[in-house]
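Here is the structure we will look at.
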Amino acid sequence: MLPTIVSAVLTLLAPKAYAAQLATGQFGIEQSAGTLTISIIVSNVLSVAQDTIVPVCTAIFIAGAFFFTVSAGDEQRKSLGKDLMIGALIGIAVVVGVRQILNMAYFFLYGSN
């Protein structure tokens, strides 16, 4: 029953329309095919990762809050809800943190983004 509830919540909250709108014009390949550098590739990969992982982690956080709220004294569900919320926050922090660390490293190495 628990996987069914999680699946139903994630299906309802998953941003399907948002994920389906991947515009290749933002990758810089069409505009300037000759200037595709490693920094642009890394930036594009991190952008896609962030645009995908943040909504998924948000849905997982909401599912965890749901489990925590409806636990009704059941310590296992309460613990599951807390673990889901903490894991979602860690996931968002890792993705955003990695992007900022790489931007800072690129700035120190090359002088600009």
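Listed values, structure above:
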{"item": "Residue-by-residue Karplus 3J(HN,Hα) for region 78-84, coefficients 6.51, -1.76, 1.60, Hz, glycine and proline x", "result": "4, 5, 4, x, 5, 5, 5"}
{"item": "Mean Cα-pair separation over length for region 55-113, i.e. relative contact order, pairs under 8 Å, 6 or more apart, %", "result": "31"}
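None of the figures in this text is laboratory data; all of them are computed from the coordinates on show. Fair warning: this is a prediction, and the values are worked out from it, not measured in the lab.
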